[in-house]
Amino acid sequence: MSARGCTSGVVYVHSSPSAVCPHVEWAISGTLGGRADLKWTAQPAAPGQLRAECAWTGDAGTGASLVSALRAWPMLRFEVTEEPSPGVDGERFCHVPGLGLWRARTSANGDIVVNEDQLRTLMTANRAAEAMTHRIGELLGAAWDDALEPFRRAGDGAPVTWLHRVG
């Protein structure tokens with residue numbers, strides 16, 4: 001691991017066409033520097049699609065690298081989490097076709113962190129209560145959570161693969 005510190009996280013591929021699954025594994029393998037052999041299972045929330053998840057360990061910033069690799073396939077539904085590490089906030093990323101990518105910092109317990117500058121901008125730009133409520137929902141990733149929740153529930157009890165970044 002580098003001087004940036006070691007952290008861990010999880011990649012949840014909530015839905016993928018079967019033809020794309022090997023490419024997803026190669027992308028994760030290339031990012032982590034080791035073979036990813038994911039256990040793909042049927043995704044009941046999207047018949048004909050598959051799902052997999054893997055826990056990973058690596059340098060701080062590996063979550064963003066995994067997301068960059070997975071964005072090559074815009075039809076994927078996925079989430080990537082990265083735990084906080086010394087001097088580095090945690091992060092959560094969600095990707096949904098039609099919504100695109102959402103990214104937020106997370107606290108030690110996994111809550112979304114909205115920083116001071118975001119709050120100041122929110123209060124300055126959104127005087128109406130309805131507009132403010134909508135913008136808070138955007139900051140918290142509400143649309144992504146709503147879109148992914150059926151896929152998360154369908155994955156309860158699925159196997160998890162553990163991966164470690166090499167080097």
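Brief remarks follow.
- Residues of region 40-58 satisfying the condition of being under 18 Å from the mean Cα position of the chain (by Cα) and surrounded by fewer than 22 Cβ atoms within 10 Å (Cβ to Cβ): TRP40, LEU50, GLU53, ALA55, THR57
- The set of residues in region 96-110 being at pLDDT below 90 and open to solvent by 70 Å² or more (accessible area, probe 1.4 Å) consists of ALA108, ASN109.
- Test for PRO150: is it part of a loop (DSSP other than H, G, I, E, B), at pLDDT below 95 and not hydroxyl-bearing (Ser, Thr, Tyr): no
- Residue within region 128-144 that is at pLDDT below 85, surrounded by fewer than 11 Cβ atoms within 10 Å (Cβ to Cβ) and within 24 Å of ARG71 (Cβ to Cβ) present: no
- The set of residues in region 8-31 being surrounded by fewer than 15 Cβ atoms within 10 Å (Cβ to Cβ) and aliphatic (A, V, I, L, M) consists of ALA19 alone.
- Taking region 1-118 as the region of interest, the strands (runs of 3 or more DSSP E) fully inside it that hold 2 or more residues being under 26 Å from ARG153 (Cβ atoms) and in contact (Cβ under 8 Å) with a residue 40 or more places away in the chain are 6-17, 49-59, 77-82, 90-96.
- From the list GLY34, GLY63, GLY5, the one residue that fits, being in contact with a Pro (Cβ under 7 Å, 6 or more places away or on another chain) and open to solvent by less than 50 Å² (accessible area, probe 1.4 Å), is GLY5.
- Selection status of ALA69, at pLDDT 95 or above and open to solvent by 20 Å² or more (accessible area, probe 1.4 Å): yes
The values are calculated or read from the model by the stated rules, or taken from the named source; none is laboratory data. Just so you know, these numbers come straight off a predicted model, no measurement behind them. Please note: Cβ atoms are built from the backbone with ideal geometry, for glycine as well, and neighbour counts cover all protein chains shown. Accessible surface areas use protein heavy atoms only, side chains included; no ligands, DNA or RNA. Shrake-Rupley method; radii C 1.70, N 1.55, O 1.52, S 1.80 Å.
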